[in-house]
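Worksheet: the structure to be examined is printed underneath.
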Amino acid sequence: MEIFWKNEILIDVLRQGGVVIMPTDTIYGIVGLALNRETVERIYKIKKRAPEKPCIILIGDKKELEKFSINLSLEQEKVLEKYWLSADGAEGSEPTSIIFDCPDDKFEYLHRGTKTLAFRLPAQAELRELLRQTGPLIAPSANPEGLPPALDTAKAKEYFGLPAQAGDLVDLYIDGGEKNSKP
């Protein structure tokens with residue numbers, strides 16, 4: 001059980017539009033509310049991410065796809081069960097991101113003109129619960145564009161500095177030890 005995701009401060013910072021560096025289901029990510037345009041743009045600025053590159057979106061439940069104007073067909077539901085959680089809630093084996101068409105212009109700040117969005121439903125129940133409490137989070141890797149992903153909070157702090165008092169920097173770091181998984 002990953003107790004660092006069961007953290008009221010973390011939940012509050014995210015709900016308030018903050019930017020957090022934390023372990024995700026794969027690696028450390030620089031995360032924030034996907035449905036908050038200002039937070040998304042702030043992450044792009046902090047990360048120095050190329051503006052045309054969309055970010056992965058972590059969701060706590062496949063029903064959250066509806067928040068992005070994505071309505072699943074029966075065939076898509078079957079694909080999701082194969083790669084994400086089964087109908088009985090059993091955990092998936094490999095983290096799998098699935099790309100959906102998203103022609104809705106109100107999400108241009110997320111799809112960056114590609115008209116597609118990539119989503120992942122993490123296998124870890126604790127992370128899914130965090131996502132259900134905060135809402136969908138964008139979660140690009142915790143590194144400035146072009147540098148290797150941070151494997152721990154020490155490296156992330158080298159990249160991004162200490163938590164911000166006020167301004168454009170990261171609001172909170174959540175230490176989950178070293179994460180050396182495949183993004």
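Would it be correct to say that K157 is under 21 Å from R42 (Cβ atoms) and surrounded by 15 or more Cβ atoms within 10 Å (Cβ to Cβ)?
Yes; evaluated as a whole, the condition is true for this residue.
Can you report the number of residues in segment 151-180 which are at pLDDT 90 or above, out of contact with any Ser or Thr (no Cβ under 8 Å at 6 or more places or on another chain) and of a type in the set (A, V, I, L, M)?
Residues flagged as at pLDDT 90 or above, out of contact with any Ser or Thr (no Cβ under 8 Å at 6 or more places or on another chain) and of a type in the set (A, V, I, L, M) within segment 151-180 amount to 5.
Would you mind telling me which numbered condition in (1) surrounded by 15 or more Cβ atoms within 10 Å (Cβ to Cβ); (2) among the charged types (D, E, K, R); (3) over 16 Å from the mean Cα position of the chain (by Cα); (4) over 26 Å from G177 (Cβ atoms) K78 fails?
(1)
Could you go through segment 41-55 and let me know if any residue there is of a type in the set (D, E), within 15 Å of L117 (Cα to Cα), touching a residue at least 24 places away in the same chain (Cβ under 8 Å) and surrounded by 14 or more Cβ atoms within 10 Å (Cβ to Cβ).
The answer is no, given that none of the residues of segment 41-55 is of a type in the set (D, E), within 15 Å of L117 (Cα to Cα), touching a residue at least 24 places away in the same chain (Cβ under 8 Å) and surrounded by 14 or more Cβ atoms within 10 Å (Cβ to Cβ).
Would you check if G29 is assigned to a loop (DSSP other than H, G, I, E, B), at negative phi and either out of contact with any helix residue (DSSP H, G or I) (no Cβ under 7 Å at 6 or more places or on another chain) or crowded, with 20+ Cβ neighbours inside 10 Å (or both)?
Answer is no for this residue.
Within segment 42-61, is even one residue at pLDDT 95 or above and on the phi > 0 side of the Ramachandran plot?
No, segment 42-61 contains no residue that is at pLDDT 95 or above and on the phi > 0 side of the Ramachandran plot.
Every residue in segment 26-60 that is in contact with a Lys or Arg (Cβ under 9 Å, 6 or more places away or on another chain) and either over 24 Å from C102 (Cα atoms) or β-branched (V, I, T) (or both), please.
T26, I27, Y28, I30, I43, I56, I57, I59
Taking the residues in segment 57-75 that are more than 15 Å from Q133 (Cβ to Cβ) and β-branched (V, I, T) as candidates, determine which candidate is surrounded by the fewest Cβ atoms within 10 Å (Cβ to Cβ).
Result: I70.
Sort out which residues of segment 8-23 are assigned to a loop (DSSP other than H, G, I, E, B) and in contact with a helix residue (DSSP H, G or I) (Cβ under 7 Å, 6 or more places away or on another chain), and write them in order of number.
Once the filter is applied, which keeps residues that are assigned to a loop (DSSP other than H, G, I, E, B) and in contact with a helix residue (DSSP H, G or I) (Cβ under 7 Å, 6 or more places away or on another chain), segment 8-23 yields G17, V19.
For K63, are the conditions met, namely being among the basic types (K, R) and without any contact (Cβ under 8 Å) to a residue 12 or more places away in the chain?
yes
Quick one: is P148 touching a Lys or Arg at 6+ places or on another chain (Cβ under 6 Å), over 22 Å from I99 (Cα atoms) and assigned to a loop (DSSP other than H, G, I, E, B)?
So P148 does not fit the description; no.
What single numbered condition from (1) part of a loop (DSSP other than H, G, I, E, B); (2) modelled with pLDDT of 90 or more; (3) of a type outside the set (A, V, I, L, M, F, W, C) fails to hold for E66?
(1)
The values are calculated or read from the model by the stated rules, or taken from the named source; none is laboratory data. Values in this document were obtained by computation on a predicted structure and should not be read as measured data. Positions of Cβ are generated from backbone atoms using ideal geometry, with glycine treated the same way; all protein chains shown enter the neighbour counts.
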